[in-house]
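Down below is the structure, laid out as structure tokens.
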Amino acid sequence: MIYESSMLAIAVFAAFVGAVLALSFWLGSRAQSAGGYFAAHGRVGWFVNGIAFAGDYLSAASFLGICGMIAFFGYDGFLYSIGYLAGWIVAMFVIAEPVKRLGKYTLADALNSRFQSRGVKLVAAVATLVISLFYLVPQMVGAGALVKPLLGLPHWAGVTMVGTAVTIIVATAGMVSTTWVQFIKGTMLVAICAFVVALILDRGFTVPARAIRADETQSILKSPTGTIVNGAPLAPDNQLDSRLRAEHGTGFGSVAALPAGVTTTGPLGPIAYLETFAQSSITTWRKGTDAESGATTFTPVDRAGSELLLPGGSPTFKGVRDDRLVSKLDFLSLMLALFLGTASLPHILIRYYTVKDAAAARKSTVVGIAAIGIFYILTLYLGLGAMTSGALDPTDSNMAAPLLARTFGNGLFAVISAVAFTTVLGTVSGLIMAGAGAVAHDLLKDVFLLKLSDREQVRAGKIAAVGLGVIAIGLGVMFEKMNVTFLVGWAFNVAASANLPALVMLLFWARTTKQGIIASISVGLVSSLTWILLSADTLEKVYGYSATESLASSIVPFSQPAIVTVPLGFVVLVVVSLLTAQRNTAPG
Amino acid sequence: MKNIHARQSRRWLGPVLFVVYCVAYLAFVLGAAFTTFRDGKPVGGLARAAVGGVNLAVVAGMLLIVGAFILALLYAMFGARAHDEPEYDGAPKDDSQ
């Protein structure tokens, strides 16, 4: 699709980013010490911290990826919403308060609190860096996806802009500016999404004047000489949805039939909206490939709304509808990773160091759960609204939410795109902050034993932030075409496998040894990464194998590793701790 | 003595609420995986109608999200104070400090 930039969108976007950067420079003077730079002096109020949790956590994957997944496949995107939110229960009841009590600036501080071991610091810091980089990829991909329609710039330009802006934010005032950026972003994201959902409910559903027939396949062929759409060169008046709009008055994603044969519903309440959707027929688009030309084709398929509100419609969760046990294990494994991954994400855990005590940590978690929960309920309406908006880009699921906003006018499109862009800024700044802390505080100071003054530690953190920003830009360009939610699922798998067994056993099993912690993190990290890299999903979506080749070549039975690698981490920790307990207590 | 019992019961509130939520989440996930489809067709489980034609998959998902907030709030209001209060050892308190 060709996206035209809007001056209003550019103005809103520029004002927003300018304000955020000005705030960062203004706050820069408050973050001269290590305590200020890495933990905002531990003086952030619990309410601000709670909303900042939402700003940190509600990433591009949540906003763009989940909305896109629901818009394309129905209920499956909502499964991510449920899993992501459920993970906060683990954070609230198991991890939050002990981590606050044990740590200082980083996750490695908490894990090493009983041992004072360079080995624990090293593996914890490496795990933090790997998880943060894994999580960075989808955020940067989301940034590129946003800038295309907003500014009319290519993907790489968006990735570079986000990378540069975030690096400036983190390098100027560290956790102080990161906290305020995340607070502003969290507030605006939830408020704007609630507003868009109100508009969706007010609009209700409408059936296009002329029904789309099952044989109206649309096609797009990209070649070195140019892009061909439906047999003619791509042009402003020949885009993928141009023919549909001319003949049916709607683009991709529409209602085929409403209950009782009505053609429009008018405004609907939240429950009536879901009821009406469940009783309607929806025109979805099946992606395929033309055998002769090799063009990508999109064929209309009318599906019952009730079927779209069930799990298993997307490639990621299709195992739910498969009777084979191995397919179901893939689904169970991903849901386990989402449940356990939240409380293992370094960029979330370091936010507990920005408040003064355990009580404030707890209160801020409650505020965070409230804001995040409201947002995730809204995602279902945003996704279904996009699915029936006639504004989908079938080549890019990440664009569903901004394109939905455009159906309500360019002003809202500009605002929501700018908010979405800030969404990326907030999460990426948290990730780079976690990585910078791991490099400067854990690796340089505690592992390599460099004698760094307070100011030198801050300077090292800033240099690390710049380096991580550059790496993030490179990864964001490389992984342009992947659905961002899918990528985040991997990050949760790795985080849960590497960090959770060590954190839980450190807190609740007195016989845990430093060797057990080191072995558990190392095995969890390596095994989950290896599993993911050898999975059929990776072979297909990263290495470019066909679906059949991927299944034949993969040596792991399913793609999501957590159901194997998390228990493995616990077992390794227990065995190694038992084996080394005597050595640690032996005299001398 | 009454205060000690109250504090001890509050200490259990967090783990109990955590187990309650884990069971609910597990039931939802297992329900989706094993009872909703047979041969790719919806046969029951989460496909059953729950509230006014909206299926159990949507309703249960919403309840899990809202339920997480309610449990967290209950813990913050009633359970967590036990962890913040110092253990009372029976000695008279020195109010001068």
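The values are calculated or read from the model by the stated rules, or taken from the named source; none is laboratory data. Worth saying up front: this structure is predicted, and the values here are computed from it rather than measured. Positions of Cβ are backbone-derived with ideal geometry, glycine not excepted, and every protein chain shown enters the neighbour counts. Calculation scope for accessible area: heavy atoms of the full protein, side chains included, ligands and nucleic acids excluded. Shrake-Rupley method; radii C 1.70, N 1.55, O 1.52, S 1.80 Å.
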Helix A:358-387 versus the longest principal axis of chain A: what is the Cα-based angle in degrees, 0 to 90, to the nearest 10?
-> 20 degrees
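Given N residues in the range A:19-145, what is its alpha carbon radius of gyration divided by 2.2 N^0.38 Å? Intermediate results must be reported in sequence, preceding the final value.
Working: Rg = 17.5 Å, N = 127, 2.2 N^0.38 = 13.9 Å.
In units of the globular-protein estimate, the range A:19-145 measures up at 1.26.
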Can you quote the Å³ per residue value for the convex hull of the Cα atoms in the range A:331-458, rounded to an integer?
-> 188 Å³
Determine, from the Cβ-Cβ distance of A:Val575 and A:Leu534 and an R0 of 25 Å, the FRET efficiency 1/(1 + (r/R0)^6), rounded to the nearest 0.05.
-> 0.55
Expected unfolding gain across A:Ala235-A:Val526 under the 0.36 nm per residue rule, minus the alpha-carbon gap, is 100.0 nm
Per residue Cα convex hull volume in Å³ - calculated over the range A:107-184 | 112 Å³
With every protein chain in place, what's the accessible area of A:Met188 (1.4 Å probe, Å², nearest 10)?
-> 60 Å²
Radius 13 Å from Cβ of A:Phe183, net charge of other residues (Lys, Arg +1; Asp, Glu -1) | +1
Förster radius 51 Å - calculated FRET efficiency between A:Thr227 and A:Phe25 (Cβ-Cβ, nearest 0.05) = 0.75
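Can you send over the carbon and sulfur percentage of the accessible area for the range A:97-203, probe radius 1.4 Å, protein chains only? Display every interim value, and only then the final one.
On the way: 2180 of 3060 Å².
Exposed carbon and sulfur together represent 71 percent of the surface.
Could you sort B:Val66, A:Val419 by their accessible area in this structure, using a 1.4 Å probe and putting the largest first? Display every interim value, and only then the final one.
Numbers: B:Val66 65, A:Val419 5 Å².
Output order, biggest surface exposure first: B:Val66, A:Val419.
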At what distance in angstrom do the alpha carbon centres of the range A:528-582 and the range A:422-449 lie from each other?
-> 26 Å
Would you calculate the separation in nanometres between label points at A:Ala157 and A:Asp290, each defined as 7 Å from the Cα along the Cα-to-beta-carbon direction?
-> 3.0 nm
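What is the range A:78-146 by shape, rounded, prolate or oblate, if you read a ≥ b ≥ c off the alpha carbon gyration tensor as root eigenvalues and call it rounded for a/c under 1.5, prolate for a/b larger than b/c, and oblate otherwise? Intermediate results must be reported in sequence, preceding the final value.
On the way: a/c = 3.17, a/b = 1.43, b/c = 2.22.
Oblate shape, in that a/c is at least 1.5 and b/c is the bigger or equal ratio.
Please give the total accessible area that chains B and A bury against each other, computed with a 1.4 Å probe and expressed in Å² to the nearest 100.
Details: alone 7640 and 21740 Å², together 25940 Å².
The summed interface area works out to 3400 Å².
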Carbon and sulfur together cover what percent of the accessible area of the range A:218-321 at a 1.4 Å probe radius?
-> 54 percent
Please compute the Cα-Cα pair-distance distribution of the range A:218-321 with 5 Å bins starting at 0, giving whole percents from short to long.
-> 2, 11, 15, 18, 16, 14, 12, 8, 3, 1
For the range A:78-88, what does the Karplus curve 6.51 cos²θ - 1.76 cosθ + 1.60, with θ = phi - 60°, yield as ³J(HN,Hα) per residue in whole Hz, taken in order and with x for Gly and Pro?
-> 5, 4, 5, 4, 5, x, 4, 6, 4, x, 5
Three principal axis extents, largest first, for the C-alpha atoms of the range A:158-213, in Å?
-> 56, 25, 10
For the range A:336-365, list whatever residues lose no less than 30 Å² of accessible surface once every protein chain is in place, relative to that chain by itself, with the probe at 1.4 Å.
-> A:Phe339, A:Arg362
Partner chain coverage, peptide A:83-92 - average Cβ within 10 angstrom | 6
Please state, as a whole number in µm²/s, the translational diffusion coefficient that the Stokes-Einstein equation yields for chain A at 4 °C and 1.567 mPa s, with Rh defined as the Kirkwood radius across alpha carbon pairs.
-> 53 µm²/s
In vacuo Debye sum over C-alpha of the range A:461-581, base-10 log of normalised intensity I(q)/I(0) at q = 0.11, 0.20 Å⁻¹, listed in q order, is -0.49, -1.03
Mean separation of Cα contacts under 8 Å, 6 or more apart, over the residue count of chain A: relative contact order % | 28 percent
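Considering only protein heavy atoms, what per residue accessible area in square angstrom results for chain A with a 1.4 angstrom probe?
Values: 20050 Å² over 588 residues.
Result: 34 Å² per residue.
Which peptide among A:260-266, A:360-366 comes first, and what is the full order, when sorted by highest mean count of other Cβ atoms within 10 Å?
Sorting A:260-266, A:360-366 by mean packing, highest first, produces A:360-366, A:260-266.
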Cα pair distances exceeding 16 angstrom across the range A:122-233, given as percent | 80 percent
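What is the magnitude of the charge dipole of chain A about its Cα centre, with +1 placed on the Cβ of each Lys and Arg, -1 on the Cβ of each Asp and Glu, and no other charges, expressed in debye to the nearest 20? Intermediate values should be presented prior to the final figure.
Numbers: 38 positive and 30 negative charges, 426 e Å.
Dipole about the Cα centre, nearest 20: 2040 debye.
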Built amide H within the under 5 Å cut-off of A:Ala256, gap 5+ = A:Ser281, A:Ile282, A:Thr283
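Evaluate peptide A:366-374: per residue, the Cβ atoms of other protein chains within 10 Å of its Cβ; return the mean as an integer. Provide the component values of the computation, followed by the final result.
Numbers: counts 9, 3, 2, 8, 4, 1, 3, 9, 3.
Per-residue shielding by partner chains comes out at 5.
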Whenever you get a sec, line up A:Trp156, A:Trp509, A:Trp46 from highest to lowest accessible area (probe 1.4 Å, protein heavy atoms).
-> A:Trp156, A:Trp46, A:Trp509
